[in-house]
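*Asks:* Before I ask anything, here is the structure I am working with.
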Amino acid sequence: MQPQSQPTHMFDRLMPIVQRPHEVFVRGEAAWLWDVAGRRYLDWLQGWAVNALGHCPKEIQQALATQSGLLLTPSPALHNQPSLLLAERLCQLSGMHQVYFGSTGAEANECAIKLARKWGRLHRQGAFEIITFDNAFHGRNLGTMAASGKAGWDQLFPPNLPGFAKARLNDLASVRERIHDRTVAIMLEPVQGEAGVRPATPAFLQALRQLCYEHGLLLILDEVQTGCGRLGSMFAFQRYGVTPDIVTLGKGLGGGVPISAVLTQQHCSVFEAGDQGGTYAGNPLMCAASLSVLQTVSQPAFLSHVDEMGRLLASGLTLLSARHGLGEVRGDGLLWALELGTDTAPEVVRQCRQQGLLVNAARPHCLRLMPRLNSTPEEVQEGLAILGRVMAAL
Ligand SMILES: Cc1ncc(COP(=O)(O)O)c(C=O)c1O
């Protein structure tokens with residue numbers, strides 16, 4: 001056995017999968033995070049659009065405390081109450097027919113891909129190919145990496161899973177060209193989040209729905225980032241006026257705990273016992289937390305508040321962009337991007353952090369802002385003020 005090398009720093013015990021700043025975070029409450037040195041930050045990452053109700057909301061604390069005293073994990077082969085209640089609630093809210101629970105967005109999307117392939121085997125003479133989109137992000141397991149359209153990803157872990165054809169977002173002709181006998185589905189994010197908050201236009205999404213009807217294809221919407229209130233409606237597809245065959249959820253569904261879901265219409269809910277599963281599928285602890293999140297997020301007044309805060313943020317960003325000669329402001333609800341015009345996003349992120357604001361550089365030239373859905377006007381103004389100071393200094 002080779003002697004183990006000593007790490008030079010405790011950070012070195014973690015595989016370097018992402019560049020992280022040196023601050024270590026120890027506590028979160030509502031819109032705020034604190035580092036080990038006691039510094040406070042306004043958090044507009046919120047776990048990458050996960051903490052719908054901010055950090056450590058009382059609802060989730062209570063749900064976890066109660067459920068952890070009742071039942072943690074019976075086994076996915078036994079029914080548990082929170083998963084039954086959550087499946088019922090999600091079907092009520094979405095109008096879909098059945099639910100599969102997972103832990104991550106990638107897992108949910110992988111499951112949607114399997115479901116489409118099985119449906120193709122049963123109903124479309126073995127059609128299996130799924131049309132996905134350039135710059136799409138569907139997760140980091142091998143299936144969802146192949147479905148994603150991130151530049152360079154096809155070089156990372158070859159050989160890649162076959163069965164995905166890439167079209168261009170908002171370019172209907174590019175989708176039509178890729179439809180063949182073997183095509184089974186079209187899969188996309190209503191708003192491409194990781195790509196820098198790039199929305200499908202309503203006309204495009206509605207045309208895709210029509211195309212799917214015409215060719216007998218499934219429409220799969222990846223709402224891992226846009227679902228559960230992030231855009232100011234319970235699900236983005238309701239905002240777009242489009243009914244998908246399959247929808248995937250994650251992130252905000254758990255409000256900070258790992259849970260994801262696949263929602264299907266009856267006609268394509270084709271799994272049978274043994275087709276799909278996972279040790280934590282429908283885990284009652286996570287389902288109980290999710291129920292508590294949905295109870296708040298699904299209220300119409302809550303969703304109107306998301307819209308209102310979104311408008312406040314967007315108008316502030318538009319002013320900032322005009323004042324400092326920046327670029328486009330894109331988004332909806334509380335998912336926004338600000339184009340900077342130059343590749344300064346990493347530096348802006350660093351300076352914002354120094355000034356006590358956490359934001360994300362979705363692209364070298366583009367900031368992504370994902371505040372908690374129950375943000376207050378004061379928080380929005382404070383974040384905008386910090387951004388304004390950083391832009392002025394740059
Ligand atoms: C649209 C979309 N799909 C899937 C994923 C993957 O989710 P997870 O990281 O939970 O696997 C993400 C994560 O950012 C996402 O934004």
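*Asks:* At a 1.4 Å probe radius, carbon and sulfur cover how many percent of the accessible area of the chain?
*Replies:* Of all accessible area on the chain, carbon and sulfur atoms account for 55 percent.
*Asks:* Next question. Between helix 202-215 and the chain, what is the angle of the helix's C-alpha long axis to the longest principal axis, kept within 0 to 90° and rounded to the nearest 10?
*Replies:* 20 degrees
*Asks:* Helix 300-324: angle to the longest alpha-carbon principal axis of the chain, degrees 0 to 90, nearest 10?
*Replies:* Result, in degrees: 60.
*Asks:* Would you mind getting the accessible area per residue of the chain, heavy atoms of the protein chains only, 1.4 Å probe, in Å²?
*Replies:* Spelled out: the 1.4 Å probe surface of the chain, per residue, equals 46 Å².
*Asks:* Here's a follow-up. Just how far, in whole angstrom, is segment 302-353 from segment 62-91 if you go by their alpha carbon centroids?
*Replies:* One Cα centre to the other: 38 Å.
*Asks:* Give the aspartates and glutamates whose C-alpha is closer than 16 Å to that of Lys58, dropping any in the same chain fewer than 8 places away, or say none.
*Replies:* The qualifying aspartates and glutamates are Glu29.
*Asks:* With a cap of 15 neighbouring Cβ atoms within 10 Å, and only residues DSSP puts in a loop, list the GluC sites (Glu not before Pro) found in segment 22-119.
*Replies:* Glu23
*Asks:* Above 30 angstrom, tally the Cα pairs of segment 71-297 and express them as a % of all pairs, no decimals. Please report the intermediate quantities before stating the final value.
*Replies:* Details: 4718 of 25651 pairs.
Distances greater than 30 Å cover 18 percent of the Cα pairs.
*Asks:* How large is Rg/Rh for the chain, to two decimals, with Cα atoms and a Kirkwood Rh?
*Replies:* 0.97
*Asks:* What number comes out for the charge environment of Asn360, summing +1 per Lys or Arg and -1 per Asp or Glu over other residues with Cβ under 13 Å away?
*Replies:* Surrounding charge for Asn360 is +3.
*Asks:* Further, regarding this structure: Compare Thr344, Thr104 by solvent-accessible area with a 1.4 Å probe and give them largest first, with all protein chains kept in place.
*Replies:* Largest to smallest exposure gives the sequence Thr104, Thr344.
*Asks:* Could you state the angle between the C-alpha long axis of helix 345-354 and the longest principal axis of the C-alpha atoms of the chain, as a value from 0 to 90 degrees rounded to the nearest 10?
*Replies:* 50 degrees
The values are calculated or read from the model by the stated rules, or taken from the named source; none is laboratory data. Owing to the predicted nature of the structure, the values given are computational and were not obtained by experimental measurement. Here Cβ is always computed from backbone atoms with ideal geometry, including for glycine, and neighbour counts include all displayed protein chains. Surface areas here come from the heavy atoms of the whole protein model, side chains and all, with no ligands, DNA or RNA. Shrake-Rupley method; radii C 1.70, N 1.55, O 1.52, S 1.80 Å.
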